[in-house]
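Values quoted throughout were computed directly from the atomic coordinates according to the rules given, and no laboratory measurement underlies them. Note that this is a predicted model, so its numbers are computed, not measured. With ideal geometry, Cβ positions are generated from the backbone for all residues, glycine too; neighbour counts draw on all protein chains shown.
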Amino acid sequence: MVKLDVITTRGGDAGETSLGDGTRVRKDALRIEAMGAVDEANAALGLLRVQTAGEPEVDAMLARIQNDLFDLGADLCVPGTGDDRLRVTTAQCLRLEGEIAAMNAELPALRSFVLPGGSPAAAAAHLARTLARRAERAVVALAATEALNPEAVRYLNRLSDHLFVLSRRLNGNGAGDVVWVPGGA
């Protein structure tokens, strides 16, 4: 189990931090950028959970996703793709796909692109979606330079889809969606 007694270590004062395997890297390294972007997405999910506190099913989904994002952070903090380290799994990606399909089955088909907005909860879901996309871009950039668990990119790609569909659900199953009107409002 994790035990954190000392939070301020001063170990990063020179612009470096430690990875899960003890390797020291610069705080502006691609891996640290990717881990930070995943952390930002997780923080946005925390805000979304505040907006959806009265919906136990949504809260349970978001709680699982927040835990998954911590798993993803653990995956990213240890270089490589194998061994017995905690890694994001295919099962986690498949769970997201199942939740997307279940939510989407209740929604009307789209006839236009959806703008971020509508209810406060839907707007929060859209913000979380954009941060999940940022995390995906950062992980893709890292994967271009070194081997990563391929499920990491897949998970983030599914997560942004999940949050888009969830935003529509939170907008009264699409009734409150703000749709794009090309060329003007």
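Label sites at Thr9 and Ala143, each approximated as a point 7 angstrom past Cα along Cα to Cβ, lie 2.9 nm apart.
Exposed loop sites were defined as GluC sites (Glu not before Pro) in DSSP loop states (anything but H, G, I, E or B) carrying at most 14 other C-beta atoms within 10 Å; in the chain the longest segment without such a site runs 1-105. Kirkwood analysis of the stretch 95-170, using all unique Cα-Cα pairs, places the hydrodynamic radius at 13.3 Å.
If you take the alpha carbon atoms of the chain and fit the smallest convex hull around them, that volume is 154 Å³ per residue.
The orientation-averaged shadow of the Cα convex hull for the stretch 35-112, equal to a quarter of the hull surface, comes to 6.8 nm².
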